[in-house]
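Have a look at the structure below, then the notes.
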Amino acid sequence: MKRIFSGIKPTGHLTLGNYLGALRRWVEVDQHRADALFSVVDLHALTVEHDPARVRRLSRQAAALMLAAGLDPERCTVFVQSHVDAHTRLSYLLECTATDGELRRMIQYKEKGTRARAAGQSVRLSLLTYPVLMAADILAHGTDEVPVGEDQTQHVELTRDLALRFNQRYGHVFTVPRATHPPVAARVMDLQDPTSKMGKSHEPGNGIVYLLDDPDTTRKKVMRAVTDSGSEVRYDREESPGVTNLLEILAACSGGDPAELAGAYRSYGDLKRDTADAVVELLRPVRERHAELASDGGGYVDEVLRAGAERASALARPRVDAAYAAVGLLPAG
Ligand code: AMP
Ligand code: TRP
């Protein structure tokens with residue numbers, strides 16, 4: 001059976017981008033067609049300045065939202081990355097496989113590093129090595145497919161390169177994975193700045209729809225979305241980024257095709273209204289189930305995470321042990 005692995009970092013409240021770019025397909029497609037593992041990748045939240053209490057809170061909330069969105073612990077494994085030692089254990093071997101040049105070329109490192117320096121902050125070494133830990137997350141589980149938004153393509157390419165290089169040097173240990181993306185909305189843009197990604201760790205503002213926003217707030221954010229200077233509804237990312245983003249969101253919510261939808265609208269106002277309605281209805285059940293899960297004090301979520309970590313550890317250990325043996329480290333006993 002195919003193995004699928006993906007993760008979400010607890011660096012902020014989950015957004016519509018996370019949902020349309022990743023989570024919804026995990027729920028609707030991936031957990032039904034493969035042995036799938038989904039992780040709250042908390043170690044990745046420590047690569048930039050962070051508040052420990054907030055990371056703890058957001059980790060629980062991300063796990064609860066993954067279940068509220070419909071991940072079913074009977075069908076897939078949901079766990080927290082730091083509960084499974086195999087990931088960091090493997091990461092070191094992959095640091096001995098990757099080169100520093102390779103990591104310095106990563107777009108996210110360049111962008112986030114530049115931002116941190118501009119804000120007068122130091123850049124943590126883990127921001128540079130983070131894609132290696134991500135590769136370890138993926139390779140430890142013998143993953144075939146990694147369902148992610150488009151922003152993660154470069155990291156999955158690196159993971160493939162590391163798997164191939166390791167296998168060539170030391171013998172076949174790792175499956176070489178590939179990234180998969182949703183057919184539309186693989187890159188949901190900020191509603192106020194449609195040339196940049198809707199990102200959960202960005203400054204909160206009207207451009208970001210959070211999964212836990214109430215319907216009124218969601219509606220207002222969509223209605224206030226920045227559109228383009230013309231008045232024609234066009235599907236064109238370069239020339240009409242704002243309208244194109246709305247068309248993609250509407251298409252993802254309603255199952256339509258964004259280019260065809262463009263032909264059905266005469267005004268930006270109608271497009272915004274329909275998109276706002278579609279997003280509110282799409283998120284309603286997720287918010288409701290999240291409220292139910294939160295009302296039992298998190299006991300159910302904690303139990304799912306405990307069982308998930310146990311299964312993920314058992315799954316990863318033999319492959320990571322094999323990698324340790326392959327590079328020439330003495331077995332412990
Ligand atoms: P992150 O928020 O970086 O932890 O991302 C978790 C998952 O959501 C990854 O698969 C990302 O590619 C995806 N994702 C995050 N933001 C967006 C976005 N604006 N559009 C599409 N996918 C996204
Ligand atoms: N780097 C991913 C992101 O920023 C999160 C992530 C960490 C991940 N490990 C992963 C995604 C493994 C897929 C598989 O979104």
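The values are calculated or read from the model by the stated rules, or taken from the named source; none is laboratory data. Remember, it's a predicted structure, so these values are computed and weren't measured experimentally. Cβ atoms come from the backbone with ideal geometry, glycine included; neighbour counts cover every protein chain shown. These area figures cover heavy atoms from the full protein model, side chains too; ligands, DNA and RNA do not enter into them. Shrake-Rupley method; radii C 1.70, N 1.55, O 1.52, S 1.80 Å.
Through the Karplus equation 6.51 cos²θ - 1.76 cosθ + 1.60, θ set to phi - 60°, convert the phi angles of the stretch 327-333 into ³J(HN,Hα) values in whole Hz; use x for Gly and Pro.
With coefficients 6.51, -1.76 and 1.60, one gets 7, x, 8, 5, x, 6, x Hz.
Given H placed on each backbone N at 1.01 Å, which residues far from Leu37 in sequence or on other chains put an amide H within less than 5 Å of it?
Ile4, Phe5, Ser6, Thr77
How many angstrom lie between the Cα centre of the stretch 265-323 and the Cα centre of the stretch 159-181?
29
What angle, in degrees between 0 and 90 and rounded to the nearest 10, separates the Cα long axis of helix 86-95 from the longest principal axis of the Cα atoms of the chain?
Compared with the principal axis, the helix lies near 80 degrees.
What's the Kirkwood radius of the stretch 215-293 in Å, using all Cα pairs?
Numbers: mean 1/r = 0.0773 Å⁻¹.
After inverting the pairwise mean of 1/r, the radius is 12.9 Å.
For the stretch 73-185, what is the Kirkwood estimate of the hydrodynamic radius, computed as the reciprocal of the mean inverse distance between distinct Cα atoms, to one decimal in Å? Provide the component values of the computation, followed by the final result.
On the way: mean 1/r = 0.0659 Å⁻¹.
Taking every pair of different Cα atoms in the stretch 73-185, averaging 1/r and inverting gives 15.2 Å.
How large is ³J(HN,Hα), in whole Hz, for each residue of the stretch 166-181 in order, when computed from phi with the Karplus curve 6.51 cos²θ - 1.76 cosθ + 1.60 and θ = phi - 60°, using x for Gly and Pro?
Result, rounded to whole Hz: 4, 4, 5, 6, 10, x, 6, 10, 10, 6, 8, x, 9, 7, 10, 10.
Amide H of Met189: which non-local residues (sequence gap of 5 or more, or other chain) have their own amide H closer than 5 Å, using H built in the peptide plane?
Met198
Which three semi-axes in whole Å describe the equivalent ellipsoid of the chain, each the square root of 5 times a Cα gyration tensor eigenvalue, listed largest first?
Numbers: eigenvalues 248, 100, 71 Å².
Sorted largest first and rounded, they come to 35, 22, 19 Å.
For Cys76, Cys96, what's the largest-to-smallest order of accessible area, 1.4 Å probe?
Numbers: Cys76 10, Cys96 70 Å².
The residues order as Cys96, Cys76, largest area first.
Does anyone have the angle between helix 241-254 and the longest principal axis of the chain? Alpha-carbon axes, 0 to 90°, nearest 10?
For 241-254 against the chain, the angle is about 80 degrees.
Put +1 on the Cβ of each Lys and Arg and -1 on the Cβ of each Asp and Glu in the stretch 215-293; which of Val286, Ser267, Ile249 then has its Cα farthest toward the positive end of the dipole?
So the residue we want is Val286.
List the pairs from Lys112/Lys197; Lys220/Lys272; Lys2/Lys200; Lys197/Lys221 whose alpha-carbon separation is above 18 Å, in the order I gave them. List each step's numbers first, then the result.
On the way: Lys112/Lys197 13 Å; Lys220/Lys272 10 Å; Lys2/Lys200 30 Å; Lys197/Lys221 16 Å.
Among Lys112/Lys197; Lys220/Lys272; Lys2/Lys200; Lys197/Lys221, the Cα-Cα distance tops 18 Å for Lys2/Lys200.
Within the stretch 1-78, list the trypsin sites (Lys or Arg not before Pro) lying in a DSSP loop whose Cβ has at most 15 other Cβ atoms in a 10 Å radius. Write out the running numbers ahead of the final one.
Values: sites: Lys2, Arg3, Arg24, Arg25, Arg33, Arg54, Arg56, Arg57, Arg60, Arg75; in loops: Lys2, Arg75.
Qualifying residues, ordered by number: Lys2, Arg75.
Before I look further, what does the chain give for accessible area per residue, probe 1.4 Å, in whole square angstrom?
On the way: 15210 Å² over 333 residues.
About 46 Å² of surface per residue is accessible.
Can you tell me what share of the DSSP beta bridges in the chain is antiparallel? A percent to the nearest 5 is fine. Could the numbers behind the result be given before it?
Numbers: 2 of 16 bridges.
Taking every DSSP beta bridge within the chain, about 10 percent pair in antiparallel fashion.
Can you work out ³J(HN,Hα) from phi for every residue in the stretch 286-298, in order, using Karplus 6.51 cos²θ - 1.76 cosθ + 1.60 and θ = phi - 60°, giving whole Hz and x for Gly and Pro?
The phi angles translate into 5, 4, 5, 5, 4, 5, 5, 5, 5, 6, 8, x, x Hz.
Leaving ligands, DNA and RNA out of it, rank Ile138, Ile107 by accessible area with a 1.4 Å probe, largest first.
Numbers: Ile138 5, Ile107 90 Å².
The ranking, largest first, comes out as Ile107, Ile138.
Using only Cα atoms, tell me the angle between helix 52-68 and the longest principal axis of the chain; keep it within 0 to 90° and round to the nearest 10.
70
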